[in-house]
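Okay, so here's the structure we're looking at.
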Amino acid sequence: MMTGVILAGGLNRRMGGNRKALLPVEGQPILLRQLKEMSKICNQIIVVANESEAFIPLIESMPSTMNVQLVSDYYVQKGPLSGIHAAAQAASHEFLWIVGCDMPFLSSEAAAAMAQWCQEANVDAVIPVLEGKVHPLHGIYSRLVGSEAEVLLKQEKYRLMGLLDHIDWLPAENVFFENHHLPTQFVTNVNTPEEYNAMLDNLT
């Protein structure tokens with residue numbers, strides 16, 4: 001088991017202020033889809049959100065057996081890096097599966113495969129790199145990266161990609177997922193209304 005982490009602390013500016021985590025996909029809010037998928041391999045799920053009131057009803061509707069916690073950033077509104085730092089403080093497992101709240105198609109199978117490799121290789125993280133593009137979210141991270149994130153935050157260096165320059169990580173490339181017979185739709189995310197509508201159109 002590991003800790004699932006959903007980063008939901010953004011301002012949603014590019015989505016016109018609509019909360020990306022609550023956008024419906026196939027009849028369910030993205031956050032609900034994520035909680036269900038993460039619960040397959042995570043017995044602790046942390047939702048990092050600075051304005052959590054909108055998420056409380058959904059989270060309270062989860063089965064009591066699902067351990068879902070809401071936490072806030074220590075370094076408020078400093079992007080995903082501050083969310084990773086906050087989650088690492090609250091995590092009870094050695095490894096974290098970290099995703100953005102705008103990713104409707106999480107894959108617990110892909111996360112489990114990456115986590116196994118991360119543990120066997122004894123590295124700080126395993127990150128999807130698909131068609132040459134790095135996807136730092138939907139990655140597996142050691143809980144210990146939280147201390148490195150804090151160092152960067154204190155230095156006012158807020159880029160998530162900058163964290164990768166300071167940790168020991170491996171790329172999970174296309175061939176990795178092909179060898180595990182896993183599709184890579186899980187990295188899909190929706191930042192704008194146009195991306196959201198295009199994603200919905202592709203489902204029909």
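Values in this text are rule-based calculations from the coordinates and carry no lab data. Everything numeric here is computed off the predicted structure, so don't read it as measured data. Note: ideal-geometry Cβ built from the backbone for every residue, glycine included; neighbour counts use all protein chains shown.
Conditions tested, residue by residue: (1) buried (at least 16 other Cβ atoms within 10 Å of the Cβ); (2) over 23 Å from Y75 (Cβ atoms); (3) touching a residue at least 24 places away in the same chain (Cβ under 8 Å).
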site: G132; (1), (2), (3): no, yes, no
site: L137; (1), (2), (3): yes, no, yes
site: G146; (1), (2), (3): yes, no, yes
site: K154; (1), (2), (3): no, no, no
site: Y158; (1), (2), (3): yes, no, yes
site: I167; (1), (2), (3): yes, no, yes
site: N189; (1), (2), (3): yes, no, yes
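Determine if the stretch 66-89 includes at least one residue that is among the small types (G, A, S), farther than 17 Å from L182 by Cβ and in a loop (DSSP other than H, G, I, E, B). Checked against the condition, which is being among the small types (G, A, S), farther than 17 Å from L182 by Cβ and in a loop (DSSP other than H, G, I, E, B), the stretch 66-89 yields at least one hit. For the stretch 67-83, the criterion of a residue being surrounded by 19 or more Cβ atoms within 10 Å (Cβ to Cβ), out of contact with any helix residue (DSSP H, G or I) (no Cβ under 8 Å at 6 or more places or on another chain) and not β-branched (V, I, T) is satisfied by at least one position. Checked against the criterion of being farther than 25 Å from M15 by Cβ, in a helix (DSSP H, G or I) and more than 17 Å from the chain's Cα centre (by Cα), the candidates E148, E156, E109 yield just one match: E148. Return yes when L96 is assigned to a strand (DSSP E or B), touching a Phe, Trp or Tyr at 6+ places or on another chain (Cβ under 9 Å) and surrounded by fewer than 19 Cβ atoms within 10 Å (Cβ to Cβ) and no when it is not. No: the conditions fail for L96.
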